[in-house]
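K.L.:
First the structure, which I've put down as structure tokens, then a few questions once you've had a look.
Please treat every number below as a calculation from the coordinates, not as lab data. Please read all numbers here as calculations on a predicted model, not as lab measurements. Neighbour counts run over all protein chains shown; Cβ positions are idealised from the backbone, glycine included.
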Amino acid sequence: MSRFWDSMAIERSSARDAPRGMRIGDRFGKEVAFTEDSIRQFATYVGDSNPLHHDQAAAAASSFGWLIASGIQTFSMMLAAVPDYLRPWRPNVGLEASVRLLQPVRAGDRAHIEWEVTDIADAPKLKG
């Protein structure tokens, strides 16, 4: 298992308060299966021709030893966990995130993707 971290009305008591219910320390996420097919399909869809995402023989000969998901696929799956958590507030909450991928995700891995709310701040340029 691989592990990774991070138009509705809302009520606020002041401009700097978080949407009611969202708290620093909240965690949310989901489980994602990375199959050979899903890795190949994602890479094909985004135009990533790296053989590590398509060719089992080339991937086996690499330092990874196995077909791996691209970092952008992994990050996309991480981002896909966000809308369910944010839905009670509004779509433009959570438009900025930082992530660090700790290890490659291999075909056959099931990843537990978990985010933690570490800061809540207004972002006027994002209208939130």
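K.L.:
Using the basic label-point model (7 angstrom from Cα toward the beta carbon), what is the residue 76 to residue 97 distance in nanometres?
P.N.:
Each label point lies 7 Å from its Cα, and together they span 1.4 nm.
K.L.:
Turning to a different aspect of this structure: Rank-order 37-46, 74-83 by packing density, defined as the average count of other C-beta atoms within 10 Å over each peptide's residues, highest first.
P.N.:
The densest-packed peptide leads the list: 74-83, 37-46.
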